[in-house]
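Before any comments, here is the structure.
The values are calculated or read from the model by the stated rules, or taken from the named source; none is laboratory data. The structure displayed is predicted, hence computed values, not measured ones. Backbone-built Cβ (ideal geometry, glycine too); neighbour counts: all protein chains shown. Quick note on the areas: whole protein, heavy atoms, side chains included, nothing else; ligands and nucleic acids left out. Shrake-Rupley method; radii C 1.70, N 1.55, O 1.52, S 1.80 Å.
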Amino acid sequence: MRRMAPTDADVHAQGATPLLRGAGLSKRFRSVAALEDVSIQLERGDAVALLGPNGAGKTTLLRILAGVSTPTQGAVNREERSVSHIGWVPHEPAVYRRLTARENILLFTRLEGVDSPEAETAELLERTDLARFADRPAGDLSTGTLQRLNVALGLAGRPSALLLDEPTATLSPDQVNRLWRWLDELRVRDGLAVLFSTQSVDEAGRYAERMVILNHGRQVFAGTADELVTRHGTPGTSATDAAERAFLNLVDA
Amino acid sequence: MTSFRAILGKDLRLLVRNRGLLVLLVGYPLIVATLVALALQGGERRPSIAFVNNDTSNRTVRVGDRRLGVQDYEARLSDEVDLKHMSPADAEAALRAGRVAAVITIPEGFIGDLQSGIRPPVVTVQPSNRSPIEAQSISRRLESSIYRLNQDLAQTYIKQTLDLVRIVVEGGDVAAFTRSGNILGLEKSDVLVRDLQRSLRADGHAELAAKMDPLLNFIVEAKVNLDLADVAATAIGNPIQLRIPPVPTGREPLSGFGFSGALLVSLALVGVLLGAAGLSSEREENTLVRLRRGLVRLETLIFEKIAFGALVVLAIGAVLLAAVALTTSLTIGRWALWPAAFIAAGLAFAAFGVLVGALARETRTALLAALMLALPLIFLGLFTQSGAASAISEVVPFGPAFRVFQTLIVEPTIDAGRFWMRIGQLLLLTIVFGVAGSIALRRKSAT
């Protein structure tokens, strides 16, 4: 009999109305189940990591929550009707490579219906440390800078939640640090909720308050890093190592 | 509307910024247009015609001071068309296979009939039914060639007849229309009769001399009337005379058919490829996932790509028209109707391309698929007029667009109802392909 894990929605049931709530989400691609009965919710200022091996269903879940894909079963409830208050940062940078960084941001702020797109573009360029690359074509930017532009586009229109699909997979350690410092700042200052997928337990433990672990499309854990170690871990030499072992115990089970 | 303007502005900016693509978009249609116009025009100028000669008698007919045979007819026709000697069966097969544009048949006993003058010989021209436009042009060309031959013959006959008339009046040796001998002539007859009348009067036969007056009157009347034969025969030979002023130099001759075809090929390729690339590049750059999240409605995005293609087609069409008007002999008019034609055709071409772009995952695949699909359909639109192929050409934008261009270039008068119906057909096709593209994109992006 399959072990029933508490869902993220169960874990996070108390508190204010969630910004974003996915309930009983399933997705099938023909006969293949990519996601089965997953529930998750995000509140203002949250930092949640979505963990799982390749093919676990992380991207599928993020795409459904972002409104890019529709679930086969289940529903997504957002605080606002429009999906615009949810920022989306896909794994592959979604930018026009022949437009400059400034033109990319300006276009998407206009599409978001921002009152003063020029001012918001200038602010986003500043906040993402892209001002000095503003007038370079996006195709000429380095991988790290391009990813920052990708994130900046996700933030166009001042969303209250940001969904990021493996945002640090192609970044160097210093670029990863800079990106998270900046996202933490937004989270603390503006109450931005962040849900990101990663394959690194270390990154999840470092930058997220909670983590949701998926395996074969099913949710197998939801809680904090400490709870992961307590419930599924074996004694290790360090907290990170213990969490890593707990994660492996779960996904190998 | 804001999102439509923003995306359209982005696409135009990307186009302007990509100088290589811009040069290609303007240069390519110009090159294609020139090549297609030359190819179609060249085909029009000297079409291949099967020549079937069933008169194997090798006889000649004497017309005036020369002898004419089938070879003379053939030589005259060769000035107009590229003649290929064939047997009746080979000619029929070549016509069916499209290797020749028409078959011209010289009947058995052609020269004999011409010589006898009892019945005129009948030359048969069987044009190909593959292209009624080309067939019409070839029929007209051969018709005018036969007409000119007939006219030459008529002139020779008239000259021969007038020579005979002159001999009848003046007298002399005759050798025409299979007759020969010496004729006294009316003038000498007049002198002889008057001499005879005078002799009779001198001999006291005044009564008998008076009886010769009606004969003298007839001779005088006949002479006067036959003097008019020259003028009358010339008038019969050339009831209407044709004067062709010299063609102004410095302009390349360009046919309406050639230019219509060139416009279709070049603009269709631009519209279809831009439609396909415009949409598929949104997917390839991964920006479609952003746009689809409520920022831009799918239908708006599809319509923007179609409008973008149509705008570029309009601009390039205007450049091509201006180039043709300035550098060739073709008269371009109806300037008020051209924008409607270009926009309607551009919308339909781009909608076709958008459907291909929605089905393909990558831009390269989309471009290749669009090219492979569009090319045969474009040529179907150019040359097909009947049967299943015609039906296909009516449900894709290329046939209707070609007929719109041809109407504006070739037709001496425009049937307004028919013209706007064609424009309506193009707009309907835009909607059909646009909706199909929208459904395809929705399905493809649902995963």
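Applying the set (1) surrounded by 18 or more Cβ atoms within 10 Å (Cβ to Cβ); (2) at pLDDT 90 or above; (3) among the small types (G, A, S) to A:S84 leaves exactly one unmet item: (2). Among the residues of the stretch B:398-447, those that are part of a helix (DSSP H, G or I) and among the hydroxyl-bearing types (S, T, Y) comprise B:T407, B:T430, B:S438, B:S445. Against the definition (assigned to a loop (DSSP other than H, G, I, E, B), within 27 Å of A:V48 (Cα to Cα) and open to solvent by 10 Å² or more (accessible area, probe 1.4 Å)), how does A:L171 come out, yes or no? Spelling it out, A:L171 is indeed assigned to a loop (DSSP other than H, G, I, E, B), within 27 Å of A:V48 (Cα to Cα) and open to solvent by 10 Å² or more (accessible area, probe 1.4 Å). Would you check if B:Q41 is away from chain A (no Cβ under 14 Å), modelled with pLDDT under 85 and crowded, with 18+ Cβ neighbours inside 10 Å? Taking the combined requirement at face value, the residue satisfies it.
In the stretch B:378-385 there is at least one residue matching the filter, namely being farther than 27 Å from B:S280 by Cβ, modelled with pLDDT under 85, open to solvent by 60 Å² or more (accessible area, probe 1.4 Å) and in contact with a Ser or Thr (Cβ under 6 Å, 6 or more places away or on another chain).
Residues in the stretch A:50-60 that are within 14 Å of chain B (Cβ to nearest Cβ) and either open to solvent by less than 10 Å² (accessible area, probe 1.4 Å) or part of a loop (DSSP other than H, G, I, E, B) (or both): A:G57 only. Among the residues of the stretch A:92-105, those that are open to solvent by 10 Å² or more (accessible area, probe 1.4 Å) and within 9 Å of chain B (Cβ to nearest Cβ) comprise A:E92, A:P93, A:R97, A:R98, A:E103.
Among the residues in the stretch B:352-360, are any touching a residue at least 24 places away in the same chain (Cβ under 8 Å), surrounded by fewer than 24 Cβ atoms within 10 Å (Cβ to Cβ) and away from chain A (no Cβ under 14 Å)? Checked against the condition, which is being touching a residue at least 24 places away in the same chain (Cβ under 8 Å), surrounded by fewer than 24 Cβ atoms within 10 Å (Cβ to Cβ) and away from chain A (no Cβ under 14 Å), the stretch B:352-360 yields at least one hit. When B:R283 is tested against the conditions (1) open to solvent by less than 20 Å² (accessible area, probe 1.4 Å); (2) at pLDDT 85 or above; (3) in contact with an Asp or Glu (Cβ under 9 Å, 6 or more places away or on another chain), the lone failure is (1).
From the list A:R44, A:R63, the lone residue that is at pLDDT 85 or above, basic (K, R) and closer than 23 Å to B:R292 by Cα is A:R63. Pairs only if they're at least six apart or on different chains, beta carbon under 9 angstrom, first in the stretch B:16-30 and within 14 Å of chain A (Cβ to nearest Cβ), second surrounded by 16 or more Cβ atoms within 10 Å (Cβ to Cβ); list them, first residue then second. Filtered contacts from the stretch B:16-30: B:R17/A:R98; B:R17/A:L99; B:R17/A:P137; B:N18/A:R98; B:L21/B:L14; B:L21/B:L15; B:L22/B:L15.
Would you check if there is a residue in the stretch A:134-146 being within 9 Å of another protein chain (Cβ to nearest Cβ), surrounded by fewer than 20 Cβ atoms within 10 Å (Cβ to Cβ) and under 21 Å from B:L14 (Cα atoms)? Yes - at least one qualifying residue is present in the stretch A:134-146. For the stretch B:1-13, give me each residue that is at the interface with another protein chain (Cβ under 10 Å from one of its Cβ atoms) and modelled with pLDDT under 90. Residues satisfying the conditions are B:T2, B:S3.
Considering A:R110, A:R127, the condition of being open to solvent by 20 Å² or more (accessible area, probe 1.4 Å) and more than 9 Å from chain B (Cβ to nearest Cβ) is satisfied by A:R127 alone. Residues that are open to solvent by 40 Å² or more (accessible area, probe 1.4 Å) and either in contact with a Leu (Cβ under 7 Å, 6 or more places away or on another chain) or of a type in the set (K, R) (or both), at least 1 per element: which helices (runs of 4 or more DSSP H) completely within the stretch B:69-167 meet that? Hits in the stretch B:69-167: B:70-78, B:88-97.
For first residues located in the stretch A:211-224 and closer than 11 Å to A:L250 by Cβ and open to solvent by 10 Å² or more (accessible area, probe 1.4 Å), partners that are assigned to a strand (DSSP E or B) and among the β-branched types (V, I, T) and lie 6+ apart or on another chain with Cβ distances below 6 Å form the pairs A:Q219/A:V38; A:V220/A:I213.
Here's a check for you: in the stretch B:168-197, which residue that is assigned to a strand (DSSP E or B) and open to solvent by 40 Å² or more (accessible area, probe 1.4 Å) is modelled with the lowest pLDDT? Filtering the stretch B:168-197 for residues that are assigned to a strand (DSSP E or B) and open to solvent by 40 Å² or more (accessible area, probe 1.4 Å), the one modelled with the lowest pLDDT comes out as B:R179.
Residues that are touching a residue at least 60 places away in the same chain (Cβ under 8 Å) and not in a helix (DSSP H, G or I) were ranked within the stretch B:276-326; the one that is farthest from the other protein chains (Cβ to nearest Cβ) is B:R297.
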